[in-house]
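S.K.: Mind looking over this structure? Questions follow.
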């Protein structure tokens, strides 16, 4: 059994590595072509050394490779395993292995063990390596394109404190982990605005606070109590007092961390599971909807398990009978199945967000669907035939 395991594992690992390398080279080329439009530009930065050149583009694209590997790993596992199983069946090697005692259930256990390895590998890459390199890539590029931002207005975050509610807007995040274009709106428990704080620059303090620089703070002296209908007319004629002050440095205590700002500015699927979980708790604690982030959280949980689904789906190809040269069509079928899984996984995420499905159902449905197909094909081709 050790000899069979060594044979199958060696063939499958080499094939998966070759497929993954081919996909990564293709995506590397596409990303590099997309970066060519930024070469020679420094977006008004004063230093000539800050010009975005080809070596910076190569480094930036290289930092995106782990995230592509995480996305492509299930497809690579499927195509590589199908190729090995089909080739062993075509050369009658798998028939010899069957006569040597490799029954379907032992073969399934062998591939499940290999799939478990890729589950762990996918989790490590997607939860630790890819978020780190993605963040490093965005901050590195921010040195040459001034900052990391999203949309036209930046990121919006909400926080409820003891007595008031705060809404913070961060325009951009620089390569030094500093925030630019910060606005903080303070509301009382009745929804009336209390103050606004604008800062050109802000950094994260060590004691759960933001340190704001070049601050313009405006305070509105609104009534503390809601006026009665009889007094509304008289109070509406009285102007609301406004106090404005310019402060060089200002400390704002908050529980909005650097990771939360990064999640709001970067794509949620590029963040780690723990960061997403903490951000979801923060959103729910402040009465905001977290449907989109919950779906991404459960996708991060279930996505590595798709490697198990892929190896189960590839096993029935070992029990098919191939004509000479017919292996290419089955490998092409594997490519189409892998692409369809990738597309279905994304579609269910968008539809689940629009239809307000249970997040774990929207995330697990594609994997469960392909698991049912895999077990059905295994039962029909292997057990019944």
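The values are calculated or read from the model by the stated rules, or taken from the named source; none is laboratory data. Quick caveat, the model's predicted, so the values are computed rather than measured. Neighbour counts run over all protein chains shown; Cβ positions are idealised from the backbone, glycine included.
S.K.: Look through 125, 79 and report the one residue that is under 26 Å from residue 297 (Cα atoms), surrounded by 18 or more Cβ atoms within 10 Å (Cβ to Cβ) and out of contact with any strand residue (DSSP E or B) (no Cβ under 9 Å at 6 or more places or on another chain).
M.R.: 125
S.K.: Sort out for me the strands (runs of 3 or more DSSP E) sitting completely within the stretch 77-192 that have 2 or more residues that are closer than 28 Å to residue 35 by Cβ.
M.R.: Strands (runs of 3 or more DSSP E) meeting the threshold: 165-173, 179-187.
S.K.: Which pairs do you get when a residue that is not assigned by TED's automatic domain parsing to the domain that holds residue 68, found in the stretch 16-36, comes within reach of a residue that is assigned to a helix (DSSP H, G or I), reach meaning Cβ atoms under 8 angstrom, with the pair 6+ apart or on two chains?
M.R.: Correct list of pairs: empty, since none qualify.
S.K.: Let me ask something additional. For the subset of the stretch 29-49 comprising residues that are in contact with a helix residue (DSSP H, G or I) (Cβ under 6 Å, 6 or more places away or on another chain) and in a helix (DSSP H, G or I), which member is modelled with the lowest pLDDT?
M.R.: Of everything passing the filter in the stretch 29-49, 35 is modelled with the lowest pLDDT.
S.K.: Looking only at the stretch 183-242, filter to residues that are in contact with a helix residue (DSSP H, G or I) (Cβ under 8 Å, 6 or more places away or on another chain) and surrounded by fewer than 16 Cβ atoms within 10 Å (Cβ to Cβ); which one of those is modelled with the lowest pLDDT?
M.R.: The residue in question is 227.
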